[in-house]
Amino acid sequence: MNKGISKKLIFISFLFTNFIQSINPADLQKNNKADENLFFHQSNLFKSNHKNSSGLLLNNNSKKITLEKNSGLFLAAISENQNELIIQSDKQSEINNVLFAEGNVSVSYKGKLLRADNLIYDKLNKKISAKGNIELLFVDQFFKASHLEYSFISEKGYLLDVQGSINTNTLMDDLSSNFSLSDSNKIENLLDFKKKEVLNTPNKVENWLFLADKITIDGKKWKSKKAIFSNDLLEFKQVKLAINSLEVISEEEQLRFKSSLNYLIFEDKVLIPFWVGDRTISNSKELEGDIRWTLGYDNLDKDGYFIGRKFNPIDIFDDFVIDLEPQFLIQRSQKGYTKSFVKKNQSITSERVKREASFEDYFALKSQIKGQKNNWDIEIENNLNSFDDEKFSDALRSKTSLSKEINFLNSKWDKSFYGIYRDRVWNGSLGEAEIYLGYGSVLKKENTWIVNGIKKREFLSFGLANIKAEALNTKSLVNNLKGNLFYSLNQKFPISTVEPEKKSIDTSYRYIPEPITKGLSLNTRLEASYSFYENGDHQEHLGLGVGPELIFGNFKNKSFDYTRLSFFPLYKLSSGESVFKFDQNYDKLTLKIALDQQLFGPVILKTSGTLNLTNDSDDYGKFIDSKISLNRKKRSYEVGIFYQPHNKAGGISFALFGFK
């Protein structure tokens, strides 16, 4: 999936039960013992515009139940004591220990708010039933249903016609938060799940709409045969996720869930299967959904096209899971030979040769281990491009990282340690370079801000590593200690631009997640780098770039209504020399060209490439890296195919866009 986006798909349509299960039957039993103390009295503390409304207050800390003829008591009591069960309605009555509440029913308990048209509570059998326009609010989580049945004794029940709006970023905090007066005002704003206007939330998808015909409750396990989720807050139409046989288990400070085969649905027409598997969400972890089938192209390591299928994540120990993706190398199996490996017993930096492929060469494996320990994020990624044990050392590529956010110099930085075994690096006109082995540490930070309409992005990093990699001028491997200091500042100056009247969008925006800023802008880049090596070598460069970017069209009409064209020359004034090939400052002058063009409807062609303009380079006038893609771009998603001619790699890209 595309990294620009957070891809969070937390399926928690069952938050209703957090409300009803938070009511301890033992607490209700204490209140029942006080039935003989039930009495009516007129309160002079609060004024109400609804003279016929009444409120029932069950206080866990006392042995009496007070029925107030004052609707103002509801919100006032909430602010004073979160542990009171308060039932308020237009009419209330009690027959044979069964409480009937009718009209504008409101129930609050432990910071949660429930509203319905009618509610019945059987005190002896500890059963609650609510019907008609049921609404439940958990700060930023809001839900509706037509019918609720639940038994506090058997801890079983169900909800019908469930629909809701959830925010995955605040979910776990909202479950444990207290209700405030401001929360009651949110309900009126949340009643319409399909919004008239929304704002794009760049690089993250946090807000989801969902539907379920029925949710059954069995203890701490909640089930639904099918639940539908969508990030399209305007129409619930462009893209949906159909989650089948969904089960959610509530555990201490976390939700664990699983499902069967699910589908990603485009425009209610195209269905793509995917698996979520067994997952856990807690306060310290995020959940991501994956498209499990992958189709890619890698000519260097896999001899062309390949297909892969991800297994369900496997829990290996506390807070650690492993993802496995076996792959079948289509073109290698068809050819019967491979050009992805060097000659047997030759150096890893030697030229790759044609070798006969065995049955084991037709398969590959991608694995990833993720976890967290003491606030450190740990990730280990391995790619095995053949199952032939004789090629194991040549077929394996591995990366390990350990990272966390730290406070340094009164600001937040990303601190990481890493290890590498056989990494591929593309270095412009020098081509691909091999890092055989390396480990090191990086401290970095990035800031973005806007001043007088000028968008700025600043990046700073310090690094130290011990590396064994391909030498600059020979095919041999050399080992050296490297230190690096890097700084860059990117700015975008509006020259003659037209800002949209408002940042929000409505249903008329079918193809884009946010309004377009049209016109002419000037992009600039300043970068500086200094690298030193254990053997005394060093290299440094100062880079300066300035180039125009032109955008016109609204991307709202059916054809040729959007064009983005940019030119960006970058000149590097450099000195010194690296020990390695992968980081040598070689291309002094380059020109990056990019063109995005809407063709018809949601179909957009995207191309980019870097042209080498260094006079003394053998690749003068050639593109040293390039990418071309054909995408289907809609308001809530973008999917496409791409190919990179410079390194003969390609695949399928997919991204979801977030809104609020």
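The values are calculated or read from the model by the stated rules, or taken from the named source; none is laboratory data. Source: prediction; values computed, not measured. Neighbour counts are summed over all protein chains in view; Cβ atoms, including those assigned to glycine, are modelled from backbone coordinates with ideal geometry. What goes into the accessible areas is simple: the full protein's heavy atoms, side chains included, and nothing from ligands, DNA or RNA. Shrake-Rupley method; radii C 1.70, N 1.55, O 1.52, S 1.80 Å.
Residues in the range 611-650 that are assigned to a strand (DSSP E or B), in contact (Cβ under 8 Å) with a residue 24 or more places away in the chain and more than 30 Å from Pro515 (Cβ to Cβ): Asn612, Ile624, Asp625, Tyr643, Ala649, Gly650. Considering the range 330-349, the residues that are in contact (Cβ under 8 Å) with a residue 40 or more places away in the chain and outside any strand (DSSP E or B) include one that is farthest from the chain's Cα centre (by Cα), namely Lys344. When we screen Asp213, Asp183, Asp174, Asp192 for residues that are open to solvent by 30 Å² or more (accessible area, probe 1.4 Å), at pLDDT below 90 and among the acidic types (Asp, Glu), the only hit is Asp192.
For the range 216-242, a tally of residues being within 28 Å of Phe152 (Cβ to Cβ) and either part of a strand (DSSP E or B) or among the aliphatic types (A, V, I, L, M) (or both) returns 10.
Please find, among Lys558, Lys588, Lys503, the residue that is modelled with pLDDT under 95, surrounded by fewer than 16 Cβ atoms within 10 Å (Cβ to Cβ) and touching a Leu at 6+ places or on another chain (Cβ under 9 Å).
Only one candidate passes the filter, namely Lys503.
Taking the numbered list (1) under 25 Å from Glu446 (Cα atoms); (2) among the acidic types (Asp, Glu); (3) in contact with a Gly (Cβ under 8 Å, 6 or more places away or on another chain) in turn, Asp537 passes all entries but (1).
Entry remark, the range 124-157: residues being in contact with a Lys or Arg (Cβ under 6 Å, 6 or more places away or on another chain) and closer than 18 Å to Lys221 by Cα number 3 in total. Of all residues in the range 381-393, those satisfying the criterion of being assigned to a strand (DSSP E or B) and either among the aromatic types (Phe, Trp, Tyr) or open to solvent by less than 50 Å² (accessible area, probe 1.4 Å) (or both) are Asn382, Asn383, Leu384.
Given the structure, is Thr168 buried (at least 19 other Cβ atoms within 10 Å of the Cβ), among the hydroxyl-bearing types (Ser, Thr, Tyr) and at pLDDT below 85? Taking the combined requirement at face value, the residue satisfies it. Can you spot a residue in the range 540-550 that is modelled with pLDDT under 95 and either open to solvent by 60 Å² or more (accessible area, probe 1.4 Å) or among the hydroxyl-bearing types (Ser, Thr, Tyr) (or both)? No; the residues of the range 540-550 include none that is modelled with pLDDT under 95 and either open to solvent by 60 Å² or more (accessible area, probe 1.4 Å) or among the hydroxyl-bearing types (Ser, Thr, Tyr) (or both). Taken over the range 107-127, residues that are part of a strand (DSSP E or B), modelled with pLDDT of 85 or more and not β-branched (Val, Ile, Thr) amount to 8.
For Leu271, the conditions (1) hydrophobic (A, V, I, L, M, F, W, C); (2) at pLDDT 80 or above; (3) open to solvent by less than 70 Å² (accessible area, probe 1.4 Å); (4) farther than 15 Å from Leu656 by Cβ are fulfilled apart from (3).
For the range 394-420, enumerate the residues that are aromatic (Phe, Trp, Tyr) and exposed (fewer than 14 other Cβ atoms within 10 Å of the Cβ).
Listed by number, the list holds a single entry, Phe408.
On inspection, Ser429 does not qualify as of a type in the set (Ser, Thr, Tyr), assigned to a helix (DSSP H, G or I), more than 29 Å from the chain's Cα centre (by Cα) and farther than 30 Å from Leu611 by Cα. Restricting attention to the range 338-352, the residues being in contact with a helix residue (DSSP H, G or I) (Cβ under 9 Å, 6 or more places away or on another chain) and exposed (fewer than 12 other Cβ atoms within 10 Å of the Cβ) number 1.
For the range 432-485, taking the residues that are among the basic types (Lys, Arg), more than 29 Å from the chain's Cα centre (by Cα) and open to solvent by 60 Å² or more (accessible area, probe 1.4 Å), the one that is farthest from Phe580 (Cα to Cα) is identified as Lys475.
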